[in-house]
Amino acid sequence: MEETASGNQQAFDEIYSLYDISKAEQKNCRDDGDKINSLYFEPVLASVDRVLQDVGKDTEDYMTLLAMKASLYYEQAKVLQIREQIPFALETMKNGLALVEEHRLHPLVTYQYYRLLNHHAYQLSRTDGIEEALKILEEAEQLYYGLTTKADMLVYSTDDLFKRECEPRHVHNIGKFEKLVTNNLQIQGWIYNKQGLTDKFIVYHHRVLNRQLESQDGEGFAWVFKCARLASHFISLHKFSEARYHLGAAVAVLRECERDLYRFQRNIDVDSIHRAYADLGKHWIKYGLWLFDSASKRVRDTDATLDRLLITSFTDDCKQTTAAAATQTGITADEQLLTETDVNTASGGDEQQALDTEVAATHDGEEEQHYPETIDKYIFVFPSLTVADIEVQVPDTVSTTEEARRLFLYSQEWLRRAKAYYTLRDHPAEYVSLVFELSDLYRYMAMHEPEVDSQYGVHRRRCDILDALYDMLREVQPINYTATCIEVFRELTQVQLDLLAYNLRRLQTCSETNSVTHVSQQYEALANVHQRLDKYIQVRPDQPAENVMII
């Protein structure tokens, strides 16, 4: 900060001294907000106002005094917020913004303006002023793009402004300003999400992540989780390429964080590292399940035919077994089956839906969501990260059996990492959920196997893991896991039905391919019998025909 003019130096010295005295008195009345306001802010604000009246508006001293007063308004609003006096805090920030609005582009005032604006928008977003907060933040964003003097900006905290001698620390201070802008963008994205503007929320969320990555702002593990959550939004929109990229970016940053911990020999919390990989693995599992589900829609028609075949077989049997009873009661077999179906649906349909896994419950009958056109024009990349080596390991589309197997193996590997942390003993609910998700992976993989025998083998493997889980739950305090055992038993029942359906398909395939050969073999066998009979009669002509024993 430039040295003040000699004529105003004495006035500034008085302000500095009063600030120091007020700050010392503040420590003795930290719990009394009204007393802090009267002893700390009001005397200093009054002193600044007196000097402002004697200073020309076009001078550097005037801008310095404006920055001081705006900074005091900011500190006063924070105290009012802590005291839960939100209306007074909002009024104080409005006064501060109006004070520096005309000079907000001045290098000494811009940071103070953004501090007030950020805090004001945050408070409005917590109340009913979301629309006003969004308008303020959008104007601040446009102002930021129009700044041409960021390199010359002087960024001071309140204490720095009231020091007699302070030199700007450009590297650190510019970083503080950029962090403030990032916070504004984060609030802006949050408001877009609350308003249902998903496309804008995703764009701003990505921009915030990119700014934090470039400035090394924040903690690495927190960045990983935020990036993974953004990937989940892409998964929900069926934008699997973007989801894979962000999950790959999260993996790259997590590996770098792990290397830094060991490289600098800091206090290494191995459990936190394992949990970070396990939580990231959950997002990869979701990616695999949703991509499988999206790619399996064309396979479901075939499965529907298989289900109709199975249902028809059961229906025929039921009609035969209930025909007599239906005749006696005057109800036809079809009406009997319809009644039983309605009862089963009413008693168990809702419960079964609640017991299904989250992914299956979300996908069944769901139409694919289309990606908003406004986002298609945005390129989602992190220039400072290399993610290609991770992306090549997992596909973003599944159109062949080879791609399905790659997706299954990659998802299974992350599921194993998650199970290594979320064990049955320490995290039973998460462990059971992971086993069900593994069962779903096997189910989807079976849809993409070309041979019926391969499909049957995959379902047998699915049955084995559910059997193992059921046995473990029965051994470990079965009373506490009764509900979970019922879920596993129902899943096993469904797997058994699937296996039965595949057996029917195998029998049908075998019958269709061998029908002609089987008839030919029957004719040949009958012909051989007649030849043997004729030959035997010719050899024993002395015996009557009725005494000939056919062997």
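Which shape class applies to region 83-238: rounded if a/c is under 1.5, otherwise prolate when a/b exceeds b/c and oblate if not, where a ≥ b ≥ c are the square roots of the Cα gyration tensor eigenvalues? Here region 83-238 falls in the oblate category.
With θ taken as phi - 60° and the Karplus curve 6.51 cos²θ - 1.76 cosθ + 1.60 applied, the whole-hertz 3J(HN,Hα) list for region 282-292 is 4, 5, 5, 5, 4, 4, x, 5, 5, 5, 4 Hz, x standing for glycine and proline. Which residues among region 59-82 fall inside the zone where the amide N is under 20 Å from a point 7 Å beyond the Cα of residue 20, along Cα→Cβ? Under cut-off, by backbone N: 65, 68-69, 72.
Compared with the alpha-carbon gap, the fully stretched path from residue 214 to residue 86 is longer by 42.6 nm at 0.36 nm per residue. FRET efficiency for the residue 101 to residue 402 pair, using the beta carbon distance and R₀ = 60 Å, is estimated at 0.45.
What is region 390-458 by shape, rounded, prolate or oblate, if you read a ≥ b ≥ c off the alpha carbon gyration tensor as root eigenvalues and call it rounded for a/c under 1.5, prolate for a/b larger than b/c, and oblate otherwise? In terms of gyration-tensor shape, oblate.
On the beta carbon distance between residue 94 and residue 13, with R0 = 51 Å, the FRET formula returns roughly 0.95.
Label zone (residue 472, point 7 Å along Cα-to-C-beta; backbone nitrogen cut-off 11 Å) within region 422-450: 422-436. If R0 is taken as 60 Å, the Cβ-Cβ distance between residue 493 and residue 143 corresponds to a FRET efficiency of 0.45.
Since every read-out is calculated from the coordinates, none of them should be taken as a lab result. All figures in this text were calculated on a predicted structure; none of them were measured in a lab. Using ideal geometry, Cβ is built from the backbone for each residue, glycine included, and neighbour counts are taken over all protein chains shown.
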